[in-house]
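Novice: Sharing a structure, written as structure tokens. Questions coming.
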Amino acid sequence: MDRCIVLVDAGYLLGAAASLLAGEPSRSRITVDHTALIHGLREQAESDTERPLLRIYWFDGAPDRVPQPEHRRLRVMPRVTVRLGALTRSDGRWAQKGVDAAMHAELTELARNRACSDVVLVTGDGDLLPGMMAAKEHGVAVHLWAVQAADGDYNQSEDLVAEADERRVLDRTWITKAVRAKELGGICAPPPAPRPEIAAILSAPPESSLSATAERPAEERPHPAAAAARGGVEERMPAKGVPTPKDLAALRAPGAHAAQHPTTATLRWSSDKGWVDRPGVAAEPPEAASMPTLAQLTTAEQRWADREEDITTVGGDPYEVGQVFARRWVERLGDPTQLQRLSSMYPRVPHRIDGELLRYAVRFGLLAHKDDQIDEHDRYAIRAGFWREIDVRTGAEHSPAGD
């Protein structure tokens, strides 16, 4: 068949790109425009091989092989097939398992079935050498692509380089068309116009947490760059005395004193296991318990349409997930007074709706790398997206807590 196929080892491609642009191979240090990246791979492959593209195979690792948000975006793109291996943690580091074997099996099967005349391999792993040799024996031309190494040296197996029919290096100029380095301290979620009280809470850690950090031995303190990469969340989260959204809501009640929970305190969202009643804080109001869940408002036909949208459209960014959930809930809510009542409960999401929201988020792989817990930053982004959509629907403006 006079057509080409591209096999991409995502761990190699994005890890090498991170090393080149950010100085370390951590993929969390880069932002990837997957649409632009796939377009660039297709365009370059068709140019190099002078053959039309049949398909791009994207090989990557994922915890329990559960597709992550980036995999969900990729697998619905035209001419893209995602193959997932396992991602396991050993000695504090994540490692892919089964990805090389899957690439080897796909490469040899495509060559054996004469599915293409040219194969482009974007990888650096020498374990693919037998598969490359087998493909050549079946009359397939093998093109090997590398990512420009940060130190100017090879980041590919020399045996692969020697065995390839053609070779190309994707340089910095090519890579930066779709990949860029994140600035330290950057926030992944793009919430517009954060609510004043949340911004105040997140920007000013309490003195107790600062003093606790200062008292820790130097070797136990997080590296500044590591803390900045996570937005400083770990340093802003003391173990005790952290108000929940319920505490903050209590500040809005008549007669509440701001001194009970200063606005410089750290915000800690509740978990999906329910609200924790703190001493002196009123229980959830009865009207909150009467709020209908999204499941109660959704018909069988809508449930099917929701699943179709989740698979083909929703990327899985935590902030986006919160917005999508809120949009569906509002559009199916028959009583507008309940929407206004919900808005007045800010920042506390009613228990039943909150649990349903987080369970919905789990579908998008947001438990990955987090020991079956959605981490603090993602939960904040999920609820921030939820409240932003509610604000858009109600035109609500909330003043800082305690005003």
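The values are calculated or read from the model by the stated rules, or taken from the named source; none is laboratory data. Quick caveat, the model's predicted, so the values are computed rather than measured. Please note: Cβ atoms are built from the backbone with ideal geometry, for glycine as well, and neighbour counts cover all protein chains shown.
Novice: Being out of contact with any His (no Cβ under 8 Å at 6 or more places or on another chain), surrounded by fewer than 19 Cβ atoms within 10 Å (Cβ to Cβ) and modelled with pLDDT of 90 or more narrows it down to one residue among ARG341, ARG332; which is it? Break it down stepwise before answering.
Specialist: Working: ARG341 fails: modelled with pLDDT of 90 or more.
Criteria check complete, one pass: ARG332.
Novice: (1) in a helix (DSSP H, G or I); (2) within 21 Å of ARG363 (Cβ to Cβ): which one isn't true of ALA36, the others all being true?
Specialist: Only one criterion is unmet by ALA36, namely (2).
Novice: What number goes with the only condition from (1) more than 24 Å from ASP118 (Cβ to Cβ); (2) crowded, with 16+ Cβ neighbours inside 10 Å that CYS4 does not pass?
Specialist: Of (1) more than 24 Å from ASP118 (Cβ to Cβ); (2) crowded, with 16+ Cβ neighbours inside 10 Å, only one is false for CYS4: (1).
Novice: Just the residues that are assigned to a helix (DSSP H, G or I) and surrounded by 19 or more Cβ atoms within 10 Å (Cβ to Cβ), please, taken from region 109-139.
Specialist: LEU110, ALA111, LEU128, GLY131, MET132, ALA135, listed by residue number.
Novice: Separate question: Take the conditions among the basic types (Lys, Arg), part of a helix (DSSP H, G or I) and touching a Phe, Trp or Tyr at 6+ places or on another chain (Cβ under 8 Å) and apply them to ARG83. Does it pass?
Specialist: The answer is no for ARG83.
Novice: Looking at this structure, is PRO69 in contact (Cβ under 8 Å) with a residue 60 or more places away in the chain and touching a Phe, Trp or Tyr at 6+ places or on another chain (Cβ under 7 Å)? Let's see the steps before the verdict.
Specialist: On the way: in contact (Cβ under 8 Å) with a residue 60 or more places away in the chain: yes; touching a Phe, Trp or Tyr at 6+ places or on another chain (Cβ under 7 Å): yes.
When the stated conditions are applied, PRO69 passes them.
Novice: Continuing with the same structure: Filter region 70-115 for residues that are among the charged types (D, E, K, R), in contact with a helix residue (DSSP H, G or I) (Cβ under 8 Å, 6 or more places away or on another chain) and within 18 Å of GLY365 (Cβ to Cβ) and give the result.
Specialist: GLU70, ARG72, ARG73, ARG83
Novice: Take region 40-57 and flag every residue that is within 17 Å of ASP9 (Cα to Cα) and either under 17 Å from the mean Cα position of the chain (by Cα) or touching a residue at least 60 places away in the same chain (Cβ under 8 Å) (or both).
Specialist: GLY40, LEU41, GLN44, ALA45
Novice: Something else now. Check ARG42, ARG72 and return the single one that is basic (Lys, Arg) and modelled with pLDDT of 95 or more.
Specialist: ARG42
Novice: Which residue, of ALA18, ALA45, is in a helix (DSSP H, G or I), crowded, with 18+ Cβ neighbours inside 10 Å and out of contact with any helix residue (DSSP H, G or I) (no Cβ under 7 Å at 6 or more places or on another chain)? First the steps, then the outcome.
Specialist: Working: ALA18 fails: out of contact with any helix residue (DSSP H, G or I) (no Cβ under 7 Å at 6 or more places or on another chain).
The match here is ALA45.
Novice: Looking at (1) touching a Gly at 6+ places or on another chain (Cβ under 8 Å); (2) crowded, with 19+ Cβ neighbours inside 10 Å, can you tell me which one VAL66 breaks?
Specialist: Going through (1) touching a Gly at 6+ places or on another chain (Cβ under 8 Å); (2) crowded, with 19+ Cβ neighbours inside 10 Å one by one, VAL66 breaks only (2).
Novice: Right, here's the next one. Taking the conditions exactly as written (under 21 Å from the mean Cα position of the chain (by Cα), modelled with pLDDT under 90 and exposed (fewer than 13 other Cβ atoms within 10 Å of the Cβ)), does GLU158 satisfy them or not?
Specialist: No; evaluated as a whole, the condition is false for this residue.
Novice: Cβ contacts < 6 Å: first residue assigned by TED's automatic domain parsing to the domain that holds THR312, restricted to region 352-364; second residue among the basic types (Lys, Arg), any location; separation 6+ or different chain. Result?
Specialist: Listed by first residue and then by second, the contacts come to nothing, as the list is empty.
Novice: Identify the single condition in (1) surrounded by 11 or more Cβ atoms within 10 Å (Cβ to Cβ); (2) at pLDDT 90 or above that GLU301 does not satisfy, given that it satisfies every other one.
Specialist: (1)
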